[in-house]
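Engineer: Supplied in structure tokens, the structure appears directly below.
The values are calculated or read from the model by the stated rules, or taken from the named source; none is laboratory data. Not measured: the values here are computed from a predicted model. So basically every Cβ, Gly included, is an ideal-geometry build from the backbone, and we count neighbours across all protein chains shown.
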Amino acid sequence: MTLYTGVRLNNSTELLVDIEEAGGAALSEGFGLAGNTDLDIVRNPLLSKAPYLARGMIHKVFALSKDKVENQRSFLSLFDELPRRRLEIRFGKFSLPDFCDQNSVGSDTHLQFINWSVDNNGAFDYAADTRGYTVGLVADYEDRNWGFRFAEALMPKVANGIDLVWRPWQVHAENWEYELRHGVIPKKAGVVRLLGYTNYANMGIYRDQIAKAEQEHVAPDITNHPWHITRKYGFGINLEQNLMRYVTVYGRWGWDNGKTESFAYTEIDSTFNQGLGFSGALWHRKQDRAGIAVVTNGIKKDHQVYLADGGLGFLLGDGGLRYGRENIFESYYTIHFWRGIYIAPGVQHINDPGYDRDRGPVVVPTLRAHVEF
């Protein structure tokens with residue numbers, strides 16, 4: 001459950017605070033898949049089930065033009081309208097995918113897809129604690145047909161850890177995204193987003209740990225190193241294009257250097273994802289929606305050898321690996337039942353789960369209920 005709250009202090013400043021409560025355990029406790037079947041899982045079931053602060057931020061808007069555009073109020077903004085050309089500054093606790101790698105077809109687990117690598121760019125190892133949140137600053141410049149945003153954020157102490165390192169001069173993450181709101185099909189809406197990121201944290205290097213393990217005749221351990229700061233970087237492309245009034249196609253491509261430890265999101269070094277989103281207005285149920293998507297995920301050679309030699313990541317590893325790309329199909333249908341109640345059956349089909357040809361294929365049926373008010 002999430003309680004979204006906020007207050008507008010004036011016409012350009014607001015304070016937003018969200019309190020969450022999450023419990024339960026994931027399918028297989030969240031292990032064994034890079035593209036896990038449910039983005040909303042609690043990855044560490046040992047975490048307290050008590051309510052916690054998910055988001056708490058100050059949002060300031062600097063007007064750079066006099067003309068206004070309508071703004072759809074949401075948990076990220078309470079303003080009814082915003083300057084067409086503006087600079088938005090946010091400071092506090094948030095989730096980076098709130099602002100980067102967004103997509104109108106595949107970003108919302110409440111009403112759309114739910115697989116990790118379908119709703120997000122799997123190779124975007126974005127700064128986050130176990131629950132997916134960080135602390136930092138986001139600067140977002142918006143103009144009529146384009147925008148550019150930059151985020152500086154804190155990294156966790158250990159891979160998938162709940163504690164952040166409060167030394168931004170040493171451990172930090174930079175994220176950049178350019179957004180062009182222009183379709184590739186004439187007279188049809190579309191968006192192109194280009195993403196880049198760099199992480200600096202206490203991350204192990206696969207090749208170093210493999211060599212060390214060979215000398216000691218043990219399985220490699222990516223965490224078996226003294227405190228040191230290494231760098232990880234990656235890129236992404238996010239596209240969406242209207243094909244007709246109620247049908248949108250989208251795609252994501254992602255890549256990271258793959259030499260350093262998968263640290264914050266999931267164990268994916270390369271990904272390609274594409275799908276279709278349908279509005280129920282097409283069949284006269286305007287609040288329904290449906291979608292189909294396929295994604296193929298991979299890891300780099302050093303990462304493959306590490307797992308094959310018996311190494312463990314924070315999600316993957318069972319003593320060996322016969323490598324193959326992890327390929328996933330997902331479909332869903334979200335039914336608007338009554339007022340703020342939605343029911344969504346779906347199914348996922350996974351080939352070579354966890355990049356292991358000796359496993360799967362696996363079929364995972366899903367059923368989701370979402371209530372909002």
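Engineer: Among the residues of segment 334-355, which ones are within 22 Å of the chain's Cα centre (by Cα), assigned to a strand (DSSP E or B) and surrounded by 15 or more Cβ atoms within 10 Å (Cβ to Cβ)?
Structural biologist: Selection gives THR334, ALA344, GLY346, GLN348, HIS349, ILE350, ASN351.
Residues checked against (1) touching a Leu at 6+ places or on another chain (Cβ under 9 Å); (2) farther than 30 Å from ASN297 by Cα; (3) part of a helix (DSSP H, G or I):
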| residue | (1), (2), (3) |
| --- | --- |
| THR5 | yes, yes, no |
| ASN11 | no, yes, no |
| VAL17 | yes, yes, no |
| GLY24 | no, no, no |
| GLU29 | no, no, yes |
| ALA34 | yes, no, no |
| THR37 | yes, no, no |
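Engineer: Of all residues in segment 293-321, which are modelled with pLDDT of 95 or more and surrounded by fewer than 15 Cβ atoms within 10 Å (Cβ to Cβ)?
Structural biologist: If the condition is that a residue be modelled with pLDDT of 95 or more and surrounded by fewer than 15 Cβ atoms within 10 Å (Cβ to Cβ), then LYS301 is the only one that fits.
Engineer: Here's something else I'd like to know. Just name the residue that is nearest to GLY161 (Cα to Cα) out of those in segment 179-206 that are part of a strand (DSSP E or B) and of a type in the set (A, V, I, L, M). Give the derivation first.
Structural biologist: Our first condition is that a residue be part of a strand (DSSP E or B); within segment 179-206, this holds for 179-180, 190-201, 205.
Filter once more, so that each one left must be of a type in the set (A, V, I, L, M): 180, 191-192, 194-195, 201, 205.
Values: LEU180: 34, VAL191: 34, VAL192: 32, LEU194: 28, LEU195: 24, ALA201: 12, ILE205: 18 Å.
Here the answer is ALA201.
Engineer: Among the residues of segment 227-235, are any assigned to a loop (DSSP other than H, G, I, E, B), within 22 Å of ARG167 (Cα to Cα), of a type in the set (A, V, I, L, M, F, W, C) and touching a strand residue (DSSP E or B) at 6+ places or on another chain (Cβ under 7 Å)?
Structural biologist: Yes, that holds for at least one residue.
Engineer: Show the residue pairs that are 6+ apart or on different chains and have beta-carbon atoms under 7 Å apart, the first residue being within segment 79-101 and of a type in the set (S, T, N, Q), the second being modelled with pLDDT of 95 or more.
Structural biologist: SER95/ALA128; SER95/TYR133
Engineer: While we're here: Select from segment 4-57 the residues that are among the hydrophobic types (A, V, I, L, M, F, W, C), farther than 25 Å from PRO345 by Cα and surrounded by fewer than 14 Cβ atoms within 10 Å (Cβ to Cβ) and write down the one among them that is farthest from the chain's Cα centre (by Cα).
Structural biologist: My answer is LEU9.
Engineer: Could you look through segment 113-154, keep only residues that are in a loop (DSSP other than H, G, I, E, B), out of contact with any Leu (no Cβ under 8 Å at 6 or more places or on another chain) and within 23 Å of GLU70 (Cα to Cα), and pick out the one that is modelled with the lowest pLDDT?
Structural biologist: Among residues in segment 113-154 that are in a loop (DSSP other than H, G, I, E, B), out of contact with any Leu (no Cβ under 8 Å at 6 or more places or on another chain) and within 23 Å of GLU70 (Cα to Cα), the one modelled with the lowest pLDDT is ARG144.
Engineer: Still on this model: If I filter segment 241-257 for residues that are of a type in the set (Gly, Ala, Ser), outside any helix (DSSP H, G or I) and in contact (Cβ under 8 Å) with a residue 40 or more places away in the chain, do I get at least one hit?
Structural biologist: Yes, segment 241-257 contains a residue that is of a type in the set (Gly, Ala, Ser), outside any helix (DSSP H, G or I) and in contact (Cβ under 8 Å) with a residue 40 or more places away in the chain.
Engineer: Still on this structure: I'd like to verify a number: residues in segment 74-112 that are charged (D, E, K, R), part of a loop (DSSP other than H, G, I, E, B) and surrounded by 19 or more Cβ atoms within 10 Å (Cβ to Cβ), how many?
Structural biologist: Total satisfying the criteria: 1.
Engineer: Any residue in segment 304-329 that's closer than 17 Å to ARG207 by Cα and of a type in the set (Val, Ile, Thr): show its pairings with residues that are part of a loop (DSSP other than H, G, I, E, B) and at pLDDT 95 or above at Cβ separation under 7 Å, as long as the two are six or more apart or on different chains.
Structural biologist: none
Engineer: Now for a separate question. Somewhere in segment 156-168, is a residue in a strand (DSSP E or B) and surrounded by fewer than 14 Cβ atoms within 10 Å (Cβ to Cβ)?
Structural biologist: Checking segment 156-168: not a single residue is in a strand (DSSP E or B) and surrounded by fewer than 14 Cβ atoms within 10 Å (Cβ to Cβ).
Engineer: A further question follows. Look at segment 39-69 and say how many of its residues are under 19 Å from ILE162 (Cα atoms), part of a loop (DSSP other than H, G, I, E, B) and either of a type outside the set (Val, Ile, Thr) or out of contact with any Gly (no Cβ under 7 Å at 6 or more places or on another chain) (or both).
Structural biologist: Residues flagged as under 19 Å from ILE162 (Cα atoms), part of a loop (DSSP other than H, G, I, E, B) and either of a type outside the set (Val, Ile, Thr) or out of contact with any Gly (no Cβ under 7 Å at 6 or more places or on another chain) (or both) within segment 39-69 amount to 11.
Engineer: Has segment 105-128 got any residue that is farther than 24 Å from ILE299 by Cβ and small (Gly, Ala, Ser)?
Structural biologist: There is no residue in segment 105-128 that is farther than 24 Å from ILE299 by Cβ and small (Gly, Ala, Ser).
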